[in-house]
Amino acid sequence: MEVKKPDREEAMALLRKHNQNEALIKHALAVEAVMGHFAEKFGEDPEKWQAIGLIHDLDYEKYPDEHCHKTREMLEEEGWPEDYIRAVQSHGWKICTDVEPREPMEKVLYAIDELTGLIVATVLMRPSKSIMDLNAKSVKKKWKQKGFAAGVDRGIIEEGANLLGMDVTELIEETIKGMQNAADELDLRGNL
């Protein structure tokens, strides 16, 4: 099968084909926005990074026990390029795969996947319910509360920041900026 460079339309169609859960789709949109932000920051291809962000959890709804592994099969069937597939698999490093993030795109995906969830949870606790007035300090405050967004693995976020050579506060700031770009799509503009 011919290898192609998938665009957003194809990535979104594939995401919706395999996922009906709106929370998973919103998460994919958040990761897409942040990946695009970091691609621009690093002088990389935003369209490519965003497509990877959209489909990074492609298999999660149907195959949670085979997460990142089923995605390989699904993307190979669709003729997606190997570097896209490897990037998706690398976000499960030390969790469900042994594919270590090496490329900047892979390191960003690994670092921000869990972080977007923590940021959404923080926004929803704010009076404004808006990401537009959120800052890293507010997220760090919630970060320290062990029971808050308990499913978010802070260790992965820290390790991802280290892989990128960033401190966690900077990673949080940049992730917020990326998510602000998609505030309406994520229903996080709130009542500002």
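Is it the case that some residue within the range 74-90 is of a type outside the set (Gly, Ala, Ser), surrounded by 18 or more Cβ atoms within 10 Å (Cβ to Cβ) and closer than 19 Å to Ile157 by Cα? Yes; the residues of the range 74-90 include at least one that is of a type outside the set (Gly, Ala, Ser), surrounded by 18 or more Cβ atoms within 10 Å (Cβ to Cβ) and closer than 19 Å to Ile157 by Cα.
Assess whether Gly178 counts as being assigned to a helix (DSSP H, G or I) and in contact with a Gly (Cβ under 8 Å, 6 or more places away or on another chain). Criteria met by Gly178.
For Glu44, indicate whether it is of a type outside the set (A, V, I, L, M, F, W, C) and either part of a helix (DSSP H, G or I) or over 23 Å from Asn181 (Cβ atoms) (or both). No; evaluated as a whole, the condition is false for this residue.
Within the range 62-99, the set of residues being farther than 23 Å from Glu22 by Cα, among the hydroxyl-bearing types (Ser, Thr, Tyr) and assigned to a helix (DSSP H, G or I) comprises Tyr84, Ser90. In this structure, Arg8 qualifies as at pLDDT below 95, among the charged types (D, E, K, R), under 17 Å from the mean Cα position of the chain (by Cα) and closer than 25 Å to Val120 by Cβ. Within the range 159-172, the residues that satisfy the criterion of being surrounded by 16 or more Cβ atoms within 10 Å (Cβ to Cβ) and in a helix (DSSP H, G or I) are Glu159, Gly160, Ala161, Leu163, Leu164, Val168, Leu171, Ile172.
The residues of the range 131-176 that are farther than 25 Å from Gly92 by Cβ and touching a helix residue (DSSP H, G or I) at 6+ places or on another chain (Cβ under 7 Å), listed by number, are Ile131, Met132, Leu134, Ala136, Ser138, Lys140, Thr169, Glu173. Looking only at residues of the range 41-56 that are in contact with an Asp or Glu (Cβ under 8 Å, 6 or more places away or on another chain) and not charged (D, E, K, R), we find that the one that is farthest from Pro104 (Cα to Cα) is Leu54. Go through the residues of the range 97-104 one by one and say whether even a single one is surrounded by fewer than 21 Cβ atoms within 10 Å (Cβ to Cβ), in contact (Cβ under 8 Å) with a residue 40 or more places away in the chain and within 17 Å of the chain's Cα centre (by Cα). Yes: one or more hits.
To keep it simple, each residue is scored yes or no on (1) of a type in the set (Phe, Trp, Tyr); (2) free of Cβ contacts under 8 Å to residues at least 40 places away in the same chain; (3) within 22 Å of Glu9 (Cα to Cα).
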site: Met74; (1), (2), (3): no, no, yes
site: Pro81; (1), (2), (3): no, no, yes
site: Ile95; (1), (2), (3): no, no, no
site: Ala136; (1), (2), (3): no, no, no
site: Glu158; (1), (2), (3): no, yes, no
site: Asp167; (1), (2), (3): no, yes, no
site: Ala182; (1), (2), (3): no, no, yes
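Do the conditions hold for Gly147, that is, is it small (Gly, Ala, Ser) and part of a helix (DSSP H, G or I)? No.
The values are calculated or read from the model by the stated rules, or taken from the named source; none is laboratory data. None of the values given here were measured: they were computed from a predicted structure. Virtual Cβ from ideal backbone geometry, glycine too; neighbours counted across all protein chains shown.
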